[in-house]
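Here the structure is laid out as structure tokens; the discussion comes afterwards.
The values are calculated or read from the model by the stated rules, or taken from the named source; none is laboratory data. Bear in mind that the values here come from a model prediction, so they are computed numbers and not experimental data. Quick reminder, even Gly has a Cβ in these numbers, built from the backbone with ideal geometry, and neighbours come from all protein chains shown.
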Amino acid sequence: AQSVSQHNHHVILSEAASLELGCNYSYGGTVNLFWYVQYPGQHLQLLLKYFSGDPLVKGIKGFEAEFIKSKFSFNLRKPSVQWSDTAEYFCAVLSGAGSYQLTFGKGTKLSVIP
Amino acid sequence: AAGVIQSPRHLIKEKRETATLKCYPIPRHDTVYWYQQGPGQDPQFLISFYEKMQSDKGSIPDRFSAQQFSDYHSELNMSSLELGDSALYFCASSQGRISGNTIYFGEGSWLTVV
């Protein structure tokens, strides 16, 4: 079964600091990768996705992620965070192994201090 | 743009009661997924439907059932409710089961069992 690991449970940063959230997955075949953001009390919103092609993908709100196949990783980055980025971030993987379900990591809570 | 619509947004039920959640996918989306997210937890996949047929099954309790109707909307039926069923239930939809399709989430239905 597919598993997704997010390395940090809670990250606290000051505004303007750079952000990198780790995500590793277990499936070795074709995968589609997503980062979702969940603001307090709200639903999951898609930040960015990787299906194929350029492994560096850019999403909304200045976020980007890099797919490194050899490391089974899809880390999320942002050069300069803002207070409004305070939210929970979920990495998710859709594996191409016949099972069409999105598997989520445990999530990383980001707190940005003004 | 139209999004995934879920109803009701909030629901309070007593133990042993029954609840039904509804999901209306994005127009032309034929695949629906249900997820359960407990407080402070990552979303857990329950069940999915493609073209009105169950396509994948996750950690859905036997007390729960779901179906997708001819207009592609889906309903999640929960019986003999337990306190532990209190959670945010997400519905998501996508167009087809082909790898590379983005899954979009609704705003969720908050179920509180008292």
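Does B:Ala92 satisfy being at the interface with chain A (Cβ under 10 Å from one of its Cβ atoms), crowded, with 22+ Cβ neighbours inside 10 Å and either at negative phi or assigned to a strand (DSSP E or B) (or both)? Quick ask: steps written out before the conclusion?
Numbers: at the interface with chain A (Cβ under 10 Å from one of its Cβ atoms): yes; crowded, with 22+ Cβ neighbours inside 10 Å: yes; either at negative phi or assigned to a strand (DSSP E or B) (or both): yes.
In short, yes.
Before we move on, is B:Glu75 assigned to a strand (DSSP E or B) and charged (D, E, K, R)?
Details: assigned to a strand (DSSP E or B): yes; charged (D, E, K, R): yes.
Here the answer is yes, as B:Glu75 does meet what is asked.
Go through segment A:67-96 and give me each residue that's of a type in the set (Ser, Thr, Tyr), touching a strand residue (DSSP E or B) at 6+ places or on another chain (Cβ under 6 Å) and surrounded by fewer than 20 Cβ atoms within 10 Å (Cβ to Cβ). Show your work before the answer.
Step one: filter segment A:67-96 for residues of a type in the set (Ser, Thr, Tyr), giving A:70, A:73, A:80, A:84, A:86, A:89, A:95.
Remaining after also requiring touching a strand residue (DSSP E or B) at 6+ places or on another chain (Cβ under 6 Å): A:73, A:86, A:89, A:95.
Listed by number, the residues that qualify are A:Ser73, A:Thr86.
Take A:Pro40 and tell me if it is of a type outside the set (Lys, Arg) and farther than 25 Å from B:Phe45 by Cβ. Walk me through how you get there before you give the answer.
Working: of a type outside the set (Lys, Arg): yes; farther than 25 Å from B:Phe45 by Cβ: no.
Criteria not met by A:Pro40.
Kindly provide the set of residues from segment B:46-65 that are farther than 18 Å from B:Tyr24 by Cα, part of a strand (DSSP E or B) and hydrophobic (A, V, I, L, M, F, W, C), ordered by number. Explain how you work it out, then say what you get.
As a first pass, look at segment B:46-65 and keep what is farther than 18 Å from B:Tyr24 by Cα: B:56-64.
Within this subset, residues satisfying the condition of being part of a strand (DSSP E or B) are B:56-57, B:64.
Matches in segment B:46-65: B:Phe64 only.
So, in segment A:11-32, how many residues would count as being assigned to a strand (DSSP E or B) and modelled with pLDDT under 90? Talk me through it step by step, then tell me what you get.
The initial filter retains those residues of segment A:11-32 that are assigned to a strand (DSSP E or B), namely A:11-14, A:19-21, A:23-25, A:31-32.
Now narrow it down to the ones that are modelled with pLDDT under 90: A:31-32.
So the count comes out to 2.
Among residues belonging to segment B:9-45 that are loosely packed, with under 15 Cβ neighbours inside 10 Å and either of a type in the set (Gly, Ala, Ser) or within 14 Å of chain A (Cβ to nearest Cβ) (or both), point out the one that is nearest to B:Gln68 (Cα to Cα).
Taking the candidates together, the pick is B:Arg9.
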